[in-house]
1. How high is the relative contact order of segment 54-138, in percent, counting Cα pairs under 8 Å that sit 6 or more residues apart?
2. Please sort 57-69, 123-135, 39-51 by packing, taking for each peptide the average over its residues of neighbouring beta carbons within 10 angstrom, highest first.
3. Hey, any idea what % of segment 85-179's accessible area is carbon plus sulfur with a 1.4 Å probe?
4. Translational diffusion coefficient, Stokes-Einstein: compute it for segment 30-138 using the Kirkwood radius over C-alpha pairs as Rh, at 10 °C and 1.306 mPa s, and state it as an integer in µm² s⁻¹.
5. Sorted by average packing, counted as other Cβ atoms within 10 angstrom per residue and highest first, what order do 98-110, 147-159, 75-87 take?
6. Placing unit charges on C-beta atoms (Lys and Arg positive, Asp and Glu negative, everything else neutral), compute the dipole magnitude of segment 30-138 about its Cα centre in debye, rounded to 20.
7. Using the charge dipole of segment 75-182 (Lys, Arg: +1 at Cβ; Asp, Glu: -1 at Cβ; taken about the Cα centre), state which of Leu152, Ile131, Ala108 has its Cα farthest towards the positive end.
8. Equivalent ellipsoid semi-axes for segment 84-179, as square roots of 5 times the alpha carbon gyration tensor eigenvalues: give them largest first, rounded to whole Å.
Amino acid sequence: MKSSVFLLLLLAAFTCGLARGEESEGEELQVETLVQPETCSVLSRMGDTLQIHYTGKLIDGKVIDSSLSMDPLVVELGKRTVIAGLEQSLVGVCEGQKIKATIPAHLAYGKKGYPPTIPGDADLEFEVEVISLTQQTPWQKMVTDVLPLVCLALVPTLLGLVGLYLYNKANAEKPSKKKAKDKKSKKK
């Protein structure tokens, strides 16, 4: 009896796992390189700043946005200034590279979309040209990586010091009225 229940649970878990795997199929970010520069000595990484030209489309080909008629878009990787799928596709690219990113809805605008232009659960396709790549300086890296950690350590320390001060102040010996009268009578 116990083994048949275990077998049924195992079968149910396996079936659910397969069903879940079928749903997530096609929901991954896909990046295709269209143009690769001859020399690529520096790859982009989080914290770097890119200037890009892009054209965003729905999967049916309808253009939803483009930067081709204006100045390049400035994207600092890790700052979430663009949709998650586009930002992820820009990690590991070179200056001069052109890519095509197919972005699933959960990495774009999700179930709600961006009405009226982008319907809910819409996968998007972006063609991106990296115009320039500026690497993060060591100082910028320290500010973005180390400073938040220092602040996280300082907040509890400061709260502890305030608590200690208040505790000491509350437990300090308060001068009683009797002692104050005794001091006055001794002076006279």
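1. Working: 132 pairs, mean separation 28.1, N = 85.
Result for segment 54-138 is 33 percent.
2. Packing proxy ranking, top to bottom: 123-135, 39-51, 57-69.
3. Of the solvent-accessible surface of segment 85-179, carbon and sulfur hold 65 percent.
4. Values: Rh = 14.1 Å.
Translational D for this selection: 112 µm²/s.
5. Values: 98-110: 19.0, 147-159: 9.6, 75-87: 17.5.
Taking the mean over residues of other Cβ atoms within 10 Å, the ranking is 98-110, 75-87, 147-159.
6. With only Lys, Arg, Asp and Glu charged at Cβ, the dipole is about 320 debye.
7. Farthest along the dipole direction, towards plus: Leu152.
8. After diagonalising the Cα gyration tensor, the semi-axes are 55, 22, 8 Å.
The values are calculated or read from the model by the stated rules, or taken from the named source; none is laboratory data. Just so it is clear, the model here is predicted, and its values are computed rather than measured. Positions of Cβ are generated from backbone atoms using ideal geometry, with glycine treated the same way; all protein chains shown enter the neighbour counts. Side chains included, ligands, DNA and RNA excluded: accessible areas come from the protein's heavy atoms. Shrake-Rupley method; radii C 1.70, N 1.55, O 1.52, S 1.80 Å.
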